[in-house]
Amino acid sequence: MQHFGTQTLETERLVLRKLTLDDSEAMYNNWASDPEVTEYLTWPPHESVEATRQLIGHWMEEYEKDDFYQWAIVPKDLGEPVGTISVVDADDSVGMVHIGYCIGKEWWGKGYTTEAFERLISFFFEDVGLNRIESKHDVRNPGSGRVMEKCGLLYEGTKRQADHNNQGICDSALYAIIRSDYKA
Ligand SMILES: CC(C)(COP(=O)(O)OP(=O)(O)OC[C@H]1O[C@@H](n2cnc3c(N)ncnc32)[C@H](O)[C@@H]1OP(=O)(O)O)[C@@H](O)C(=O)NCCC(=O)NCCS
């Protein structure tokens, strides 16, 4: 296993890349200020572009680390970020990363999150050499689980009242794909 940090990755329709301060307004306008996007997330909608700028500034420092993964999802035909996909938890002792994602409402249902997540799966298995990629969602947010299923993750069970987000304490459905599933 060898971590490479947030490398630029490409799919048919998307570029996945690091965020820069120049993305602050797009991030704020496209998703970070929208309470519908953050409904089942752990952070509140941003109240100003300045809040977004500060967060990106923090990520830019974190990008120095080779185990920090935070990608902007950039449709090629738009040229600006519409969401993020990132590692929100990791355990090197079992070669695992836990993936989280969000995308602006205007771009829901276009298959972008599925396309980005599938690219990360090949990056983490083929390039980084991990053994397990997992993700989870509030059971009241089934669209997120559908993305996991479409990417080949298997449902492993629901932990009752095990998580917390902007809606309060929630039941959390866990999904994962392991290297042998991927190779098959
Ligand atoms: C959940 C979310 C990431 C889905 O992203 P997306 O780019 O719209 O997903 P895709 O277009 O790749 O869709 C994948 C599948 O999920 C389905 N889906 C997406 N949103 C759905 C919803 N709200 N309800 C039911 N199914 C949904 C799509 O129909 C598609 O399935 P299909 O091809 O069988 O029709 C997006 O709605 C989002 O960012 N929501 C807010 C943030 C969030 O909840 N993040 C996840 C936290 S765990």
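The values are calculated or read from the model by the stated rules, or taken from the named source; none is laboratory data. Quick caveat, the model's predicted, so the values are computed rather than measured. Cβ: placed from backbone, ideal geometry, glycine included. Neighbour counts: every protein chain shown.
The table for this structure:
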{"quantity": "Unmet criterion (only one of (1) touching a helix residue (DSSP H, G or I) at 6+ places or on another chain (Cβ under 7 Å); (2) under 27 Å from residue 163 (Cα atoms); (3) surrounded by 15 or more Cβ atoms within 10 Å (Cβ to Cβ)) for residue 81", "calculated": "(2)"}
{"quantity": "Residues that are closer than 17 Å to residue 7 by Cα and touching a Pro at 6+ places or on another chain (Cβ under 7 Å), drawn from the stretch 65-84", "calculated": "72, 73, 74"}
{"quantity": "Per-region count, the stretch 1-43, residues surrounded by fewer than 14 Cβ atoms within 10 Å (Cβ to Cβ), away from the ligand (no atom under 16 Å from the Cβ) and over 22 Å from residue 79 (Cα atoms)", "calculated": "3"}
{"quantity": "Qualifying strands (runs of 3 or more DSSP E) (wholly inside the stretch 74-178; at least 2 residues being in contact with a Cys (Cβ under 9 Å, 6 or more places away or on another chain))", "calculated": "83-91, 132-138, 154-165, 168-178"}
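One line per residue, one yes/no per condition, for (1) of a type in the set (D, E, K, R); (2) surrounded by fewer than 16 Cβ atoms within 10 Å (Cβ to Cβ); (3) at pLDDT 95 or above; (4) within 7 Å of the ligand (Cβ to nearest atom):
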position	(1), (2), (3), (4)
112	no, no, yes, yes
116	no, no, yes, no
121	no, no, yes, no
124	no, no, yes, no
127	yes, yes, yes, no
142	no, yes, yes, yes
145	no, no, yes, no
153	no, no, yes, no
156	yes, yes, yes, no
